[in-house]
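Working notes, beginning with the structure itself.
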Amino acid sequence: MEIIMNFTYESERLYLKVLNEDYAPLVLNFLFKNREEFQKFEAAKSPVYYTEKYQRSNLKLEFSAFTKLNYIRFYVFKKDDANTIIGTISFSNILRYPFSSACIGYKFDSDYQGQGFASEAIACASFAMFH
C-alpha cells in the first residue's frame, strides 16, 4: 500500500502546511515575535533555539518525522497572507487505525487569538490526520 502525502491542507480561511528547512526564517520570525507569550506556557528555551540554524535543523527533523507519520507539525497561514505564520498545530504519540488517536498541541500568534483560527485549524488538521 502506498501512502500519498499532502503537504498543504485548506480550510475556509487558512492553509495548514508541513514545512521544510527552507522556511526557517518564517518560523524564526513567528517564534521570536511571540517569544514572551509562548514562554508563559513552555519550558525555557536556550538562546540557540532562536537562531535560523537551529530552526533549519528542527524543520528538517520535523519533515522527516512527518514522512514516517511519527510526529506532525502543521504551520498555519491565513489564505490572504501566505508569508506569515499565525500558528502551529502538532500531533505526537500518533496511533493509527484502529485507535486513531494522538496528542495535540497548538500555539497561535497573540494577534490572531480569540478569532476562531485555532478551532478552525484543529478541525482541519484532525480531519487531515485521520481521514
Seminar exercise, completed: Expected unfolding gain across Asp22-Lys60 under the 0.36 nm per residue rule, minus the alpha-carbon gap, is 12.8 nm
Seminar exercise, completed: Under the 7 Å Cα-to-Cβ spin-label approximation, Arg35 and Thr67 lie apart by a distance in nanometres of 3.2
For this session: Calculate, for the chain, the solvent-accessible area per residue in square angstrom, rolling a 1.4 angstrom probe over the heavy atoms of the protein chains.
Result: 61
Exercise. Only one of the listed values, (1) 14.0, 42; (2) 15.6, 47; (3) 14.5, 45, was derived from the coordinates as Rg and Dmax of the Cα atoms in Å; which label is it?
Worked result: (3)
Problem set entry | Sequence ranges 29-42, 51-64, ranked by mean other-Cβ count within 10 angstrom, highest first | 51-64, 29-42
Exercise. So how far apart, in nm, are the two label points at Thr84 and Ala44 if each is 7 Å from Cα heading toward Cβ?
Worked result: 3.2
Problem set entry | Simple label model, 7 Å out from Cα along Cβ direction - Thr8 to Ser101, nm | 3.5
Seminar exercise, completed: Diffing region 27-43: the Karplus 3J(HN,Hα) column from phi (6.51, -1.76, 1.60, θ = phi - 60°), in whole Hz with x for Gly and Pro, holds 5, 4, 4, 4, 5, 5, 4, 9, 3, 4, 5, 5, 4, 5, 10, 10, 5
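Divide by every residue of the chain the summed helix terms, -39500 (n - 2.57) for each DSSP H run of at least 4, and state the resulting mean residue ellipticity at 222 nm, rounded to the nearest 500 deg cm²/dmol.
-10500 deg cm²/dmol
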Seminar exercise, completed: FRET efficiency for Gln113 and Glu52 from the Cβ-Cβ distance with R0 = 30 Å, rounded to 0.05, comes out at 0.70
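Could you tell me which of rounded, prolate or oblate describes region 57-131, using a ≥ b ≥ c as the square roots of the eigenvalues of the alpha-carbon gyration tensor, with rounded for a/c under 1.5 and, failing that, prolate when a/b is larger than b/c and oblate otherwise? Numbers along the way, then the final one.
Values: a/c = 2.24, a/b = 1.44, b/c = 1.55.
Oblate is the answer for region 57-131, as a/c is 1.5 or above yet b/c matches or exceeds a/b.
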Exercise. Between region 1-76 and region 87-131, how many Å separate their Cα centres?
Worked result: 13
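Which peptide among 15-24, 79-88 comes first, and what is the full order, when sorted by highest mean count of other Cβ atoms within 10 Å? Intermediate values should be presented prior to the final figure.
Details: 15-24: 18.2, 79-88: 15.2.
Going by the mean number of other Cβ atoms within 10 Å, highest first, we get 15-24, 79-88.
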Problem set entry | Percent RCO, i.e. relative contact order, over region 59-131, from Cα pairs under 8 Å lying at least 6 residues apart | 22
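Keeping the other protein chains in place, figure out the carbon and sulfur percent of the accessible area of region 59-131, with a 1.4 Å probe.
Carbon and sulfur: 54 percent of the exposed surface of region 59-131.
The values are calculated or read from the model by the stated rules, or taken from the named source; none is laboratory data. Please read these numbers as outputs of a predicted model, since none were measured by experiment. Note: ideal-geometry Cβ built from the backbone for every residue, glycine included; neighbour counts use all protein chains shown. Surface accessibility is based on the protein's heavy atoms, side chains included, excluding ligands, DNA and RNA. Shrake-Rupley method; radii C 1.70, N 1.55, O 1.52, S 1.80 Å.
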